[in-house]
Every structure is written in C-alpha cells, then in structure tokens.
Amino acid sequence: MITRVRSELTRYLRTETVGGALLLAAAAVALIWVNSPWGASYQTMIDAHLDIPALHLDLTLADWAKDGLLAIFFFVAGLELKREFAVGELRDPRRAALPIIAAVGGVITPAVIALVVGHGVPGMDKGWAIPVATDIAFALAVLAMTGSRIPTSARVFLLSLAVVDDLLAIVLIAVLFTASLSMLWLAAALACCGAWALAQKLRLHTPLFYLPVALVCWYALHEAGIHPTLAGVALGLLTRVRKDPGERIAPATHLEHVVQPISAGFCVPVFALFASGVPLDSAVFGSLFTDRLSLAIILGLLLGKTIGIFGVSWLVITLGWAKRPAGLEYRDMFALSVLGAIGFTVSLLVAELALADVGDDAVDLAKAAVLVTSMAASLIGSALLLRRGRVHQARRDADQLPQGEGSTK
C-alpha cells in the first residue's frame, strides 16, 4: 500500500501542471506572509544561516534555495534538453537552430530596452540583465495548464528556448557578478564534468560514484565564483540518452524519473517561497508604473521578450536558416513568445545581485516589477494559448469526420 501510494504521488508530481500549481502556491504564500502582521518572521526565516564551517560555506537559507535547489532543477532541464537534441525533435540542426537563435534574440532585445529606458538610473549598469531570463518551470507550467491542445512541439520549442535563455543569463551572472575567478576550482569543476562523461561512456551505473561527483562539481563552481546552478545543466547535458541493447531504460530517462518529482515537488516551490516575499506597500505600487527602474524591467520583459523571441524566430524561418516547429503556426509561436516574458526565477535572482548596493527599496521595486510582469505575461499567454488550442482542436475534429459527412452539412 505504501509503495503504491508513493508511486502515485511520484507520478502526480511529474506532471508540469502540478509543479506549476505548487510554484504559484508557494509564491502566493510568500507574498501573503511578508505583507501580513507576521512579515518579520518571514525575513528572519530567509536570513537564517545554515553553515558548513569545514567547507567554508556560509549561506543563508535563501542562498541555499537559489544556489543549491535550483541546481537540481537545472539538472532536470539539462536532461530534457539533451534528450531532445540527441533523439528528439531537435536532432535536426535546422530545427535545433531556431530555439537557440530565438533565445539570443530574447536576451538582447530586453537588455537593449532596459538600457534605453533605465539609462542613468542607479543600479542599471548591471540591472539591465534583470529582464533577460525566462522562467522555465513557470512557463512550462502555464503551457501545460492552458496549451494542452496545441502540438507537442510547442513544449519542445519553449523548453529549449528557456534552457538556452537561462544558460545565457547564468553566463551573464558569471560575467557581471563574479568579483574574482579561481582557475584552480574551475579546473576542478571541469575535471568533475570529465569524470561524469567518462563514467557514462564506460556504462557505470552506481549512484555511489555520480552523487559525490555532482556534489564536488557544485562545490567547485561555487568556490570558483561561478553560479553553481551551472553544474546541474552541465551534468544533465553530459548524461547518456540512448539505451544500449539489453538496457531497459536510458540513464537520462531513469534519472529524470527519479529527480523530476523532487525538483517539481520540493526544489522549485521552496525557491519560490524564499524569493517571492516582496513587501507590496503603497510606496511600491505608487512607483511601479512611474519609476524608470521598474518601467525598464516591465517593458524589457513584456515587450522585449515577446518582440525578441517572435521577431527573430520569424526572421530566421523566413530567411530559411531554421525550420518552424512541426505543427506550429506563427500565431502559436507568438503565444509562446509571450510566455517567454515570464521572468520569475532568474530575474528575481539577478535583481538581488544587481541592486544589492542600491538599497532594499530598489530591490523590492524590481522584484515587484518582475512579479507583476510575469503574472501579466502568464494571463496574456494563457488567453492566446486557449484560443489557439480551440483552433487546433477544431481542425482535429474536422479531420476525424467520416468522408463526405462534412460536405453534407
């Protein structure tokens, strides 16, 4: 009985709809908590330290959430992306090129808009990076809940786009917010990646090897001064996705089945709980649509992401440099581009890093702008996806009619 219940719970947590619902619930709890009479206890919780003196790790609970738990989430994303590139729809180079190029457009355009709108505003020398990232978990959850009737290639396009987008954002984090880079620790992290890849080639299966290597890789990147979530993506991309003759399941598929429920059911909701606690007082609301800092973020996310992703996609498809995803029309891609404006996870992280020296008021205003824009993008994207879903369903229904029936009506 216990085994069956646990199996059903695991299967339930694998669905993106449930993961998205948990993420939204955690974000709502954080917002209500921090704006309630018990808001001080929320701040006390996220500032509490969980240190490991032997490893010189002096981190708050909020730091553990964004540096540790998100690495697990990015590991799952890396596994999915590797599978799509190796055996999925993106194995065609011209199809793989589209989300990669679109992600670049979806990073450059918001950055340019944020720089133009926020020029001269304190903190915008690095704050222009706040609207460049798409939240993978949030965007896929919205797609799962409202886009179930559009072709499955939509999920592949959005996943690939968001992973590449976040990889670029992590690179920006490393460049903009790395005070010093330890080449020795970076070499150690690369050695861990090499050991992981070699073990995959030698068909080693024991977790007694892989788990320590993953932990050391994460720690090495942290000590090197690079955002350690990059370890999750790197190891996911180095995992084998094709099964050998006689193997029941490929390693990447097995790991995804094991780790994905942990990521969706615990890691991402806990991060949302720690990152979404923004005081929404009258001062924040009064400045949200008048302050150039918040306007740079709102316009960068909502307009920059949509224009950058869809515009570049349309251009490269028209020029013949890439193929449009199977079954998707330009209107479908526009709806997915709007979902690209959901900049929850990494945008909140960059806001904390970029505006830390400006003051808590600026950080809170930036976070509020990210949350409001992400919610607007979710609602607009959902409405567009539902509309497109009805169109696709009507076509499928028409195709299933017996020949001649449609002509007699």
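Within the stretch 61-87, residues that are within 15 Å of V164 (Cβ to Cβ) and aromatic (F, W, Y) sit with their Cβ atoms under 7 Å from residues that are modelled with pLDDT of 90 or more and not in a loop (DSSP other than H, G, I, E, B), at 6+ positions apart or across chains, in these pairs: F74/G232. Residues that are over 20 Å from V268 (Cα atoms) and part of a helix (DSSP H, G or I) do occur in the stretch 239-251, at least one of them. Would you confirm, using the coordinates I've provided, whether E256 is at pLDDT below 90 and either in a loop (DSSP other than H, G, I, E, B) or polar (S, T, N, Q) (or both)? Considered against the rule, which asks whether it is at pLDDT below 90 and either in a loop (DSSP other than H, G, I, E, B) or polar (S, T, N, Q) (or both), E256 comes out as no. For the residues V259, V278, the requirement of being surrounded by fewer than 23 Cβ atoms within 10 Å (Cβ to Cβ), among the β-branched types (V, I, T) and in contact with a helix residue (DSSP H, G or I) (Cβ under 9 Å, 6 or more places away or on another chain) singles out V259. Remark: pairs (first residue in the stretch 312-332, farther than 15 Å from R395 by Cβ; second residue in a helix (DSSP H, G or I) and of a type in the set (D, E); Cβ separation under 8 Å; 6+ apart in sequence or on different chains) = P325/E89.
When you go through L336, L379 one by one, which is the residue that is within 25 Å of the chain's Cα centre (by Cα), of a type in the set (A, V, I, L, M, F, W, C), at pLDDT 90 or above and surrounded by fewer than 24 Cβ atoms within 10 Å (Cβ to Cβ)? Sole residue among the options that is within 25 Å of the chain's Cα centre (by Cα), of a type in the set (A, V, I, L, M, F, W, C), at pLDDT 90 or above and surrounded by fewer than 24 Cβ atoms within 10 Å (Cβ to Cβ): L379.
Of the residues V268, V284, only one is among the β-branched types (V, I, T) and either surrounded by fewer than 13 Cβ atoms within 10 Å (Cβ to Cβ) or more than 19 Å from the chain's Cα centre (by Cα) (or both); which? If you could, list the steps in order and put the result at the bottom.
Numbers: V268 fails: either surrounded by fewer than 13 Cβ atoms within 10 Å (Cβ to Cβ) or more than 19 Å from the chain's Cα centre (by Cα) (or both).
Result of the check over V268, V284: V284.
Listed by position, the helices (runs of 4 or more DSSP H) contained in the stretch 16-117 that have at least 2 residues being at pLDDT 85 or above, of a type outside the set (V, I, T) and within 18 Å of the chain's Cα centre (by Cα) are 16-34, 61-64, 70-86, 93-117.
Within the stretch 132-168, the set of residues being among the hydrophobic types (A, V, I, L, M, F, W, C), more than 16 Å from T306 (Cα to Cα) and not in a helix (DSSP H, G or I) comprises just one member, I150.
R388 satisfies every condition listed in (1) closer than 24 Å to G123 by Cα; (2) touching an Asp or Glu at 6+ places or on another chain (Cβ under 7 Å); (3) in contact (Cβ under 8 Å) with a residue 40 or more places away in the chain except (1).
Only one of L22, L57 is touching a residue at least 40 places away in the same chain (Cβ under 8 Å) and surrounded by 19 or more Cβ atoms within 10 Å (Cβ to Cβ). Can you tell me which? Walk me through it before giving the result.
On the way: L57 fails: surrounded by 19 or more Cβ atoms within 10 Å (Cβ to Cβ).
Unique residue meeting the criteria: L22.
Could you go through the stretch 214-226 and let me know if any residue there is touching a residue at least 24 places away in the same chain (Cβ under 8 Å), buried (at least 22 other Cβ atoms within 10 Å of the Cβ) and of a type in the set (D, E, K, R). No, the conditions are met nowhere in the stretch 214-226. Take the conditions (1) modelled with pLDDT of 90 or more; (2) assigned to a loop (DSSP other than H, G, I, E, B); T290 misses just one of them, which is (1). When the stretch 314-333 is filtered for residues that are in a loop (DSSP other than H, G, I, E, B) and hydrophobic (A, V, I, L, M, F, W, C), the ones remaining, listed by number, are L319, W321, A322, A326, L328.
The values are calculated or read from the model by the stated rules, or taken from the named source; none is laboratory data. In this text, all values refer to a predicted model and were calculated from it rather than measured experimentally. FYI the Cβ positions are ideal-geometry reconstructions off the backbone, even for glycines, and counts take in every protein chain you see.
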